[in-house]
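My questions will all concern the structure given below.
The values are calculated or read from the model by the stated rules, or taken from the named source; none is laboratory data. The structure displayed is predicted, hence computed values, not measured ones. Note: ideal-geometry Cβ built from the backbone for every residue, glycine included; neighbour counts use all protein chains shown. Ligands, DNA and RNA are stripped out before the accessible areas are found, and what is left, the full protein with its side chains, is counted by its heavy atoms. Shrake-Rupley method; radii C 1.70, N 1.55, O 1.52, S 1.80 Å.
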Amino acid sequence: MVLTPSTMLALGTRAPDFTLPDALGNRVALAEFAGAPATVIVFLCNHCPYVKHLKTALAEFAQEYQAREVAVIGINSNDAAAHPEDGPEAMARDVAEFGYGFPYLIDATQEVAKAYRAACTPDFFVFDAALRLAYRGQFDDSRPENVTAVTGRDLRAAVDTVAAGQRPTGDQRPSTGCNIKWKPGNEPDYFG
């Protein structure tokens, strides 16, 4: 496991468009969520201990905020051929086991991860109603190796602010986790 921080994509960046399949082959487009007061995109996977640490809290966060019309989308960009535990069958099991009520999509070409400059799992991005990046950072201060409670405090504060039509202020701390498992020869220029 290579511990990697988020690249901290520039605030104000427009959300790159995508249409990706979920584990069952249903195609989901970013455009389907137009009109949401905030859109949360999280790059995640199944096997990373940093994602495992948040799975239950992430599912609860999504349920709570989707009830407030916030869009939540999960994207798995890991190389499933090299890491079958991140393949579609395992994704479908995670959706069922943890009650993910949000689309959990497969970025098989890894082009969406590159467009977002996603670097780690989990890697969180919050976009405003115009799909401009307002927050990129951590879920909270909790990590598998510390005893801090998993609250989602940082992400919740950012989404609350964005959904209210405002910009988050203050320090945006990068997310930290396992690096995205790039296909050999497909590593982006920011990986390393």
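For segment 79-128, enumerate the residues that are among the small types (Gly, Ala, Ser) and touching a strand residue (DSSP E or B) at 6+ places or on another chain (Cβ under 9 Å).
Selection gives 80, 87, 92, 101, 108, 113, 118, 119.
Next question, about the same structure. For segment 127-137, name all the residues that are within 27 Å of residue 186 (Cβ to Cβ) and surrounded by fewer than 24 Cβ atoms within 10 Å (Cβ to Cβ).
If the condition is that a residue be within 27 Å of residue 186 (Cβ to Cβ) and surrounded by fewer than 24 Cβ atoms within 10 Å (Cβ to Cβ), then 127, 131, 133, 137 are the ones that fit.
Would you please name the residue that is nearest to residue 176 (Cα to Cα), looking only at residues in segment 12-55 that are polar (S, T, N, Q) and out of contact with any helix residue (DSSP H, G or I) (no Cβ under 6 Å at 6 or more places or on another chain)?
Looking at the filtered set, the residue picked out is 13.
Rundown of residues vs (1) farther than 20 Å from residue 62 by Cβ; (2) touching a residue at least 60 places away in the same chain (Cβ under 8 Å); (3) of a type in the set (Ser, Thr, Tyr), yes/no style:
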{"site": "126", "(1), (2), (3)": "no, yes, no"}
{"site": "140", "(1), (2), (3)": "no, no, no"}
{"site": "143", "(1), (2), (3)": "yes, yes, no"}
{"site": "146", "(1), (2), (3)": "yes, no, no"}
{"site": "163", "(1), (2), (3)": "no, yes, no"}
{"site": "168", "(1), (2), (3)": "no, no, no"}
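Checking residue 121 against (1) among the hydroxyl-bearing types (Ser, Thr, Tyr); (2) in contact with a helix residue (DSSP H, G or I) (Cβ under 7 Å, 6 or more places away or on another chain); (3) surrounded by fewer than 23 Cβ atoms within 10 Å (Cβ to Cβ), only one condition comes out false. Which one?
(3)
Which residue, of 90, 134, is of a type outside the set (Ser, Thr, Tyr) and under 15 Å from the mean Cα position of the chain (by Cα)?
134
This table checks each residue for (1) among the hydroxyl-bearing types (Ser, Thr, Tyr); (2) more than 15 Å from residue 52 (Cα to Cα).
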site	(1), (2)
123	no, no
142	yes, no
150	no, no
157	no, yes
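Looking at this structure, is residue 112 of a type in the set (A, V, I, L, M), within 21 Å of residue 4 (Cα to Cα) and without any contact (Cβ under 8 Å) to a residue 24 or more places away in the chain?
no
Enumerate the strands (runs of 3 or more DSSP E) found wholly within segment 8-111, keeping only those where 1 or more residues are open to solvent by 60 Å² or more (accessible area, probe 1.4 Å) and at pLDDT 95 or above.
Once the strands (runs of 3 or more DSSP E) in segment 8-111 are filtered for at least 1 residues that are open to solvent by 60 Å² or more (accessible area, probe 1.4 Å) and at pLDDT 95 or above, what remains is 19-21, 27-29.
Quick one: how many residues across segment 154-185 are of a type in the set (S, T, N, Q) and either open to solvent by less than 30 Å² (accessible area, probe 1.4 Å) or touching a strand residue (DSSP E or B) at 6+ places or on another chain (Cβ under 7 Å) (or both)?
Total meeting the criteria: 4.
Sticking with this structure for a sec: Of the residues in segment 1-30, how many are out of contact with any Leu (no Cβ under 9 Å at 6 or more places or on another chain) and more than 23 Å from residue 63 (Cβ to Cβ)?
9
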